[in-house]
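For reference, the structure discussed in these notes is given below.
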Amino acid sequence: MNWLLPEGMDDILPDQAEKIEQLRREMLDICCAENYRLVIPPLMEYSASLLAGHHEDLALSTFLFHDHHSGRQLGLRADVTTQTARIDAHRLCHNEVNRLCYVETVVHTHSQTMYASRCPIQLGAELYGVKGLQGDLEILLLLVRLLRAALSRPIVLSLGDTQVLETLLSSCPLPTKKLLIEALRHKSPNDVRSILSAHSIDAAHLDAIVTLTAMHGDIAILDEAHQFYANKFPAIGTAIDNLRHLTHRLKKQVPDLSFYFDLSEYLGYRYHTGLVFAAYLSGYNYVIANGGRCDGIGAPYGKSRPAIGMNTHLKTLASLVATSVQ
Amino acid sequence: MLSISITKGRIMEQCLPLLRYLGFTDAALKSRQLVLRNVSGDRQLFILRGRDALTCVRYGVADIAIVGKDMLLEYGSEGVYELLYTNLARCRLVLAGIRPPPKDSHLRVATKYTKMTNQYCIENGWQAEIIPIYGSAEISPLIGIADYIVDITASGKTLQANNLNILATIADISARVVINAAALHTKHQEIQQFKGHVISVIGSG
């Protein structure tokens with residue numbers, strides 16, 4: 001049975017391949033029309049470069065092996081974002097703003113979600129050099145346009161900001177925050193309380209962190225969170241204000257888009273530094289696209305500047321197109 | 001349509017008032033069917049073993065699951081949120097044996113909770129061989145498969161009847177209402193309504 005594929009690896013047969021190719025062309029055309037230029041980074045590179053910035057989750061997802069030619073360790077990319085950050089810092093460093101897009105196969109050591117392929121085809125766009133609301137809005141509008149071109153079902157856009165969690169955790173005297181972040185990720189107030197109770201944290205601060213597990217919902221949750229946090233934690237107040245402005249602008253341009261707000265969300269590979277977002281499809285219980293602001297992701301390559309990006313997986317989208325047709 | 005997977009046995013028995021409130025008839029609940037629809041047709045119920053109920057919600061087949069915390073600790077809660085902590089099906093995950101483990105010995109521990117047992121032994125610095133057993137773990141020390149067991153117990157009577165003593169509590173367990181992470185975003189209102197029903201009928205912890 002040597003011909004069987006490893007778990008999580010899959011062949012794409014003609015029917016599906018044609019759908020993927022059609023999506024790839026349509027979506028790349030949209031990216032190009034918005035001035036995003038295609039880049040094709042290599043499948044593997046030195047792990048020191050691929051994993052620069054110590055992104056623990058990314059390292060766990062990356063296949064590593066020894067290169068007999070150079071004697072150095074190589075990595076098979078699990079994500080393209082750090083590769084585009086390297087390109088922005090060194091190969092296209094003369095540009096004031098870089099708009100880059102890509103369609104590449106990435107390889108994961110383990111499936112990232114249930115049913116997920118370990119070799120998804122990632123389509124993404126990265127915007128370097130545009131800070132704040134302007135960049136956030138540009139990427140989110142591009143994301144919505146791409147998804148609407150591919151799928152006819154209603155999209156729910158979930159927005160959050162890593163600054164909320166960062167602010168609360170920065171003054172929290174825990175030797176390791178991994179367990180706490182996991183408990184917050186699962187929105188489990190009892191687990192969060194039990195982890196924090198084992199340490200000397202004042203009651204108000206403990207309450208502020210535990211309450212974060214309930215800070216998700218429709219737009220009204222932003223007012224509730226602002227009232228609860230803004231006085232004691234001005235940085236959280238600012239993050240919430242930014243989310244309000246962004247939503248207002250998005251609603252103006254895409255009036256029928258549905259929103260959800262999740263202030264304890266910590267998505268992706270944890271290199272995000274502000275806005276994080278995920279897109280969901282009505283009737284489908286998985287994330288179909290995500291991304292966020294990752295300012296300074298180019299710092300390990302010598303160029304720290306504003307950055308924001310998004311990505312989606314073409315195999316997933318193609319299977320959803322098939323479902324819609326059925 | 002909201003899909004709910006529920007753990008058969010003690011958790012389901014204690015959730016019967018909630019299920020009736022949600023519109024599942026006694027006739028349906030007493031039948032041997034494992035997939036049920038409520039009267040208004042807006043909710044369906046999958047009756048499963050704990051691990052399978054969790055798998056359903058992790059894979060997005062069910063939006064909500066009512067499972068024991070032991071399932072979440074043992075099999076992970078990737079892709080799900082813990083919506084509610086309840087006081088239903090309260091019990092403890094314990095280490096039991098005839099006598100306390102001697103220092104520096106190599107323990108043989110029988111359990112179906114292999115991940116949690118391994119983690120507990122590592123935390124205590126015990127060299128241990130974990131023996132997976134999926135039936136009545138209490139029998140293991142009596143027939144010599146293992147010296148100790150890790151299992152859940154509510155009253156401790158079965159352990160006592162088999163001459164086993166509770167040596168340590170590893171975790172307090174009760175039923176949790178968990179939801180698929182994506183369902184929270186796409187079915188927010190229905191899920192909040194369901195949460196309200198759970199609190200009003202069976203309460204939260």
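Counting only DSSP beta bridges whose two residues both lie in the stretch B:90-178, roughly 60 percent are antiparallel. Taken residue by residue and averaged, Cβ atoms of other chains lying within 10 Å of the Cβ of A:188-194 number 4.
The mean number of Cβ atoms from other chains found within 10 Å of a Cβ in peptide B:182-192 is 6, as a whole number. Over the residues of chain B, the helix contribution to mean residue ellipticity at 222 nm works out to -9500 deg cm²/dmol, using -39500 (n - 2.57) for each DSSP H run of at least 4.
Tell me what chain A gives for mean residue ellipticity at 222 nm when only DSSP H runs of n ≥ 4 count, each as -39,500 (n - 2.57), the sum divided by the residue total, rounded to 500 deg cm²/dmol.
Roughly -12500 deg cm²/dmol at 222 nm, from the helical runs in chain A.
Packing, taken as the mean count of other beta carbons within 10 Å per residue, orders the peptides A:206-219, A:299-312, A:11-24 from highest to lowest as A:299-312, A:206-219, A:11-24. In straight-distance terms, cross-link reach from residue A:19 covers every one of the lysines whose alpha-carbon lies under 27 Å from its own, apart from those fewer than eight places away in the same chain; here that gives A:315. Remark on the stretch A:147-175: accessible area falls by at least 20 square angstrom from chain-alone to full-complex state for A:156, probe 1.4 angstrom. For the stretch B:91-173, the gyration tensor built on C-alpha atoms gives a rounded shape. Its axis ratio a/c (a ≥ b ≥ c) stays under 1.5. The accessible surface of chain B, taken with every protein chain in place and a 1.4 Å probe, is 48 percent carbon and sulfur. Quick one: Cα centre-to-centre distance for the stretch B:110-133 and the stretch B:5-29, in angstrom? Here the answer is 34 Å between Cα centres. Rounded to the nearest 10 degrees, the inclination of helix A:314-325 to the longest alpha-carbon principal axis of chain A is 90 degrees.
When nucleic acids and ligands are ignored and a 1.4 Å probe is applied, residue A:105 ends up with an accessible area of around 60 Å². Could you tally the net charge around residue A:201, taking each other residue with its Cβ under 13 Å from the Cβ of residue A:201, Lys/Arg +1 and Asp/Glu -1? For residues surrounding residue A:201, the net value is 0.
Judged by the ratio a/c of the largest to the smallest principal axis of the C-alpha gyration tensor, the stretch A:177-233 counts as oblate, that ratio being 1.5 or greater while a/b is no larger than b/c.
Angle between the Cα long axis of helix B:188-201 and the longest principal axis of chain B, 0 to 90 degrees, nearest 10? Here the helix axis deviates by roughly 70 degrees. Note the angle between two axes, namely the Cα long axis of helix A:220-229 and the longest principal axis of the Cα atoms of chain A, as a number of degrees from 0 to 90, rounded to the nearest 10. It is inclined by approximately 50 degrees. Averaged per residue, the stretch B:91-173 has 55 square angstrom of accessible surface, using a 1.4 angstrom probe with ligands and nucleic acids left out. Sorting A:37, B:37, A:244 on solvent-accessible area from highest to lowest, probe radius 1.4 Å, gives A:37, B:37, A:244. Counting only protein heavy atoms, what percent of the accessible surface of the stretch A:216-271 is carbon or sulfur at a 1.4 Å probe? The C+S portion of the solvent-accessible surface of the stretch A:216-271 is 50 percent. Rounded to the nearest 0.05, what FRET efficiency is calculated for residue A:54 and residue A:105 with R0 set to 30 Å and r the Cβ-Cβ distance? For R0 = 30 Å, the calculated efficiency reads 0.75.
Annotation for residue B:200 and residue A:10: the two label points, set 7 Å from Cα along the Cα-Cβ direction, are 4.2 nm apart. Remark: chain A carries 46 Å² of accessible area per residue (probe radius 1.4 Å; ligands, DNA and RNA excluded). In terms of accessible area, using a 1.4 Å probe and ignoring ligands and nucleic acids, A:102, A:46 rank largest first as A:46, A:102. When cysteine pairs in chain A are screened for C-beta atoms closer than 4.7 angstrom, the residues that find no partner are A:32, A:93, A:119, A:172, A:294. Between B and A, buried accessible area from a 1.4 angstrom probe totals roughly 1900 Å², ignoring ligands, DNA and RNA. Measuring only protein heavy atoms, the 1.4 Å probe finds residue A:65 accessible over about 80 Å².
Under the combined filter of DSSP loop state and at most 15 neighbouring Cβ atoms within 10 Å, the stretch B:73-166 retains these GluC sites (Glu not before Pro): B:78.
State whether the stretch A:63-174 is rounded, prolate or oblate according to the following rule on the C-alpha gyration tensor (a ≥ b ≥ c being the square roots of its eigenvalues): a/c under 1.5 gives rounded; otherwise a/b larger than b/c gives prolate, and the remaining case gives oblate.
Rounded is the answer for the stretch A:63-174, as its axis ratio a/c remains below 1.5.
Pairs exceeding a 28 Å alpha-carbon distance, out of A:178/A:252; B:69/B:103; A:131/A:252; B:30/B:69: A:178/A:252; B:69/B:103.
Going by accessible surface with a 1.4 Å probe and the largest first, B:120, B:148 read B:120, B:148.
Projected label points at residue B:104 and residue B:167, each 7 Å from Cα along the beta carbon direction, are separated by 1.7 nanometres.
The values are calculated or read from the model by the stated rules, or taken from the named source; none is laboratory data. In this text, all values refer to a predicted model and were calculated from it rather than measured experimentally. Glycine also receives a Cβ, built like all others from the backbone with ideal geometry; neighbour counts cover every protein chain displayed. Keep in mind that these areas ignore ligands, DNA and RNA; they rest on the heavy atoms of the full protein, side chains included. Shrake-Rupley method; radii C 1.70, N 1.55, O 1.52, S 1.80 Å.
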